[in-house]
Amino acid sequence: MMKGPQAVAIAVRRPNGDIVVKRDTYEPLSKKHPWMGKPFIRGAVSFFSMLGQGMKVLDASSQMLGAAEEEPSKFELWLSRVLGKGVDKVVMGVAIVLAVAMSLGLFVLLPNLPTRWLTEAGWSPLAVNLLSGLIRTLLLITYIWAVGKVPDMKRTFQYHGSEHKTVYCHEHGLPLTPENAQKFSRLHPRCGTSFLLITFILSILLYTTIDYIVLALTGYNLSSNYLIKVLSRLVLLPLVTGVSYEVLKGLAHSESGVCRTLRWPGLQLQRLTTREPADDMCEVAITAMDAALNGLPEGEKTPEGWVILHEFRVPEHA
């Protein structure tokens, strides 16, 4: 998947070798609602919109692949009848709910379990948040590492690497060919993986600051009540993502020694979420990049309006 200034393009390699390309135009939310493009707000908007877009891209790519779809469960069929929605929308909704529930359980509920006990034992808000942040970060790294052991996800991470190499190739103004793309690193400073790690790290500092402010103003320690602690983290999530986004942009656009040092951990985490791609994977990423920037290529079209390329074509534009 590649996102251009005005369009999002998806390219999928089918088992027979064909590349299927889909392109959808979009209008940025910041254009519809200028306030959403303001610093510290745009990060939260981008975070939540990309979550939804990611699920849509996964659903679209599976349809473009032409793979046999699984039969919906009885529960999903029942929900479809009750809600009056198509089964595909219900299945996607269930998947989103389960994904959000798992994320909240792993990265919010679980890391905050020991906070009350630690507070009663005399730990300071700083120490409590450091430990919960460490648990959260270790869970993230372990989860990504474990997912990367699944063969299908390993292949997905290879395509992730091909995206980064293609973006680098475009940024350097070189012709978009697999040979040129393969020269570049699979680690990119503006990757969502780096954004995620920065969010996790900054959450420790921001949550600690808020805890001390609340303690100083009211005398109440948020860590003494598990439910209030969790709710405060959820309420503050937009603030954390907003600040993290600005930090990510600042680090990505500076080559100072300090910035290179600060973005190093995020780049290293990308070693888990990316793999070295094959040339044919770079061909798919290049096709998506060209479609996002320059429109759909000429070729046979499916009833859905997707273009089928029977062989890779080097884009005319860099």
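The values are calculated or read from the model by the stated rules, or taken from the named source; none is laboratory data. This structure is a prediction, so every number in the text was calculated from the model and none was measured. Glycine gets a Cβ as well: all are built from the backbone with ideal geometry, and neighbour counts include every protein chain shown.
Tell me which residues, restricted to segment 34-60, are part of a loop (DSSP other than H, G, I, E, B) and either hydrophobic (A, V, I, L, M, F, W, C) or within 29 Å of VAL94 (Cα to Cα) (or both).
Hits for segment 34-60 are PHE40, ILE41.
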Among residues of segment 135-154, those that are touching a residue at least 12 places away in the same chain (Cβ under 8 Å) and not in a loop (DSSP other than H, G, I, E, B), counted: 10
Some residue of segment 44-51 being under 24 Å from SER203 (Cβ atoms) and either among the basic types (Lys, Arg) or at pLDDT 90 or above (or both): yes
Filter result for ALA285 (at pLDDT 95 or above, in contact with a Lys or Arg (Cβ under 8 Å, 6 or more places away or on another chain), closer than 17 Å to SER185 by Cα and not acidic (Asp, Glu)): yes
Of the criteria (1) without any contact (Cβ under 8 Å) to a residue 24 or more places away in the chain; (2) touching a Lys or Arg at 6+ places or on another chain (Cβ under 6 Å); (3) not charged (D, E, K, R), which one ILE19 fails: (1)
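Could we say that LEU205 is among the aliphatic types (A, V, I, L, M), without any contact (Cβ under 8 Å) to a residue 24 or more places away in the chain, within 23 Å of TYR245 (Cα to Cα) and part of a helix (DSSP H, G or I) here? Write out each step before concluding.
Numbers: among the aliphatic types (A, V, I, L, M): yes; without any contact (Cβ under 8 Å) to a residue 24 or more places away in the chain: yes; within 23 Å of TYR245 (Cα to Cα): yes; part of a helix (DSSP H, G or I): yes.
Yes.
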Residues satisfying the stated conditions in segment 1-51, i.e. under 22 Å from SER162 (Cα atoms) and polar (S, T, N, Q): GLN6, ASN16
Some residue of segment 32-41 being within 22 Å of MET289 (Cβ to Cβ) and surrounded by 15 or more Cβ atoms within 10 Å (Cβ to Cβ): no
One residue from LEU187, LEU215 being closer than 19 Å to GLN268 by Cα and either assigned to a helix (DSSP H, G or I) or at pLDDT 95 or above (or both): LEU187
Selection from segment 124-134 of residues that are free of Cβ contacts under 8 Å to residues at least 24 places away in the same chain and either closer than 10 Å to THR208 by Cα or more than 24 Å from the chain's Cα centre (by Cα) (or both): SER124, ALA127, LEU131
Close pairs (7 angstrom Cβ cut-off, 6 or more residues apart or separate chains): modelled with pLDDT of 85 or more and polar (S, T, N, Q) in segment 53-73, surrounded by 13 or more Cβ atoms within 10 Å (Cβ to Cβ) and not in a helix (DSSP H, G or I) anywhere: SER61/ILE10; SER61/VAL12
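Listed here are the residues, each with its yes/no results for (1) touching a residue at least 12 places away in the same chain (Cβ under 8 Å); (2) more than 27 Å from the chain's Cα centre (by Cα); (3) surrounded by 20 or more Cβ atoms within 10 Å (Cβ to Cβ).
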site: ILE201; (1), (2), (3): yes, no, no
site: THR209; (1), (2), (3): no, no, no
site: ALA252; (1), (2), (3): yes, no, no
site: VAL258; (1), (2), (3): no, no, no
site: THR261; (1), (2), (3): no, no, no
site: ASP280; (1), (2), (3): yes, no, no
site: ALA285; (1), (2), (3): yes, no, yes
site: LEU296; (1), (2), (3): yes, no, no
site: LYS301; (1), (2), (3): no, yes, no
